[in-house]
1. What about Ala47, is it of a type in the set (Gly, Ala, Ser), at pLDDT 95 or above and within 23 Å of Leu156 (Cβ to Cβ)?
2. Step by step: first the residues of the range 154-178, then only those that are touching a residue at least 60 places away in the same chain (Cβ under 8 Å) and surrounded by fewer than 17 Cβ atoms within 10 Å (Cβ to Cβ), then the one that is farthest from Val70 (Cα to Cα). Which residue is that?
3. Going by the conditions given, is Ala219 surrounded by 10 or more Cβ atoms within 10 Å (Cβ to Cβ) and either at pLDDT 60 or above or touching a Phe, Trp or Tyr at 6+ places or on another chain (Cβ under 9 Å) (or both)?
4. Only one of these is in a loop (DSSP other than H, G, I, E, B) and either at positive phi or at pLDDT 95 or above (or both): Gly82, Gly75, Gly111. Name it.
5. Does Tyr146 count as within 16 Å of Pro182 (Cα to Cα), outside any loop (DSSP other than H, G, I, E, B) and within 14 Å of the chain's Cα centre (by Cα)?
6. Go through (1) surrounded by 14 or more Cβ atoms within 10 Å (Cβ to Cβ); (2) modelled with pLDDT of 95 or more; (3) among the basic types (Lys, Arg) one by one and return the number of the condition Arg6 breaks.
7. So, in the range 58-78, exactly how many residues are surrounded by fewer than 21 Cβ atoms within 10 Å (Cβ to Cβ) and aromatic (Phe, Trp, Tyr)?
8. Considering only residues that are of a type in the set (D, E, K, R) and part of a helix (DSSP H, G or I), which ones fall in the range 114-143?
Amino acid sequence: MTLQSRLTSTIAGVVLSIAGIACSQSMPVTPELREKWNDKTMFDLQAKTIDGKDIKFEDWKGKTILVVNVASRCGFTRQYAGLQALQDQFKDQGLLIVGFPCNDFGGQEPGTDTEIKSFCSSKYGVDFPMMSKVSVKPGKDQSPVYEFLGTRTGKLPGWNFCKYLVHADGTTIEFFDSRADPGSAQFKATIEKATKKAAAAKSGSKNSESKKTGSRKQATSSGY
């Protein structure tokens, strides 16, 4: 990509961030797609990492996941810093940010997976999971992950750095467009609320199981 092309892409991203144009698009949800994903959760999916390894999302079961379609030459690329800070702040509370490089918008992610990984780690110190480059737009090349997310929410990214907040149950999903700043107090409050909800559900589940175990022991000792 030439210097002029890079400048054009960057300016386009800045204009979008100000105007809010096309930051999201509708997902064409068909009856077939509804049936396909009806009984699935985020943790039934899998993808290929930026290092070329297959990963099953069931390994992340119980975590609150923030899925972001990222790009290296976008006006929103600076959000990498906010995303990494968010990961650092909430990782102990169960947050996991997952980046999906995507070249669908403005040709702003033209590099190879190796180049993308090098850029993210050297410029922004990214250490959250990064996946191999995908397409998020509807059609035969669409990532199954984005097909699932789009079917569930009815929304797809219309530009880079759109976000899906997938709650720990794997089915409750919120969509945020490119303008949602991961470093803002409002967005942090949204993440905090989701992680606290997950922690409360986990605690409630443990307490329920503990009560069941206690009841079984009491019944056994009573001869019933």
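1. In short, yes.
2. By that ranking, first place goes to Asp169.
3. On the way: surrounded by 10 or more Cβ atoms within 10 Å (Cβ to Cβ): yes; either at pLDDT 60 or above or touching a Phe, Trp or Tyr at 6+ places or on another chain (Cβ under 9 Å) (or both): no.
Considered against the rule, which asks whether it is surrounded by 10 or more Cβ atoms within 10 Å (Cβ to Cβ) and either at pLDDT 60 or above or touching a Phe, Trp or Tyr at 6+ places or on another chain (Cβ under 9 Å) (or both), Ala219 comes out as no.
4. Gly111
5. Details: within 16 Å of Pro182 (Cα to Cα): no; outside any loop (DSSP other than H, G, I, E, B): yes; within 14 Å of the chain's Cα centre (by Cα): yes.
So Tyr146 does not fit the description; no.
6. Failed condition: (2).
7. Number satisfying all stated conditions: 1.
8. Answer for the range 114-143, where residues must be of a type in the set (D, E, K, R) and part of a helix (DSSP H, G or I): Glu115, Lys117, Lys123.
The values are calculated or read from the model by the stated rules, or taken from the named source; none is laboratory data. Note that the coordinates shown come from a computational prediction; the quantities given were computed from them, not determined experimentally. Because the Cβ atoms are built from the backbone with ideal geometry, glycine has one as well, and the counts that use them run over all protein chains shown.
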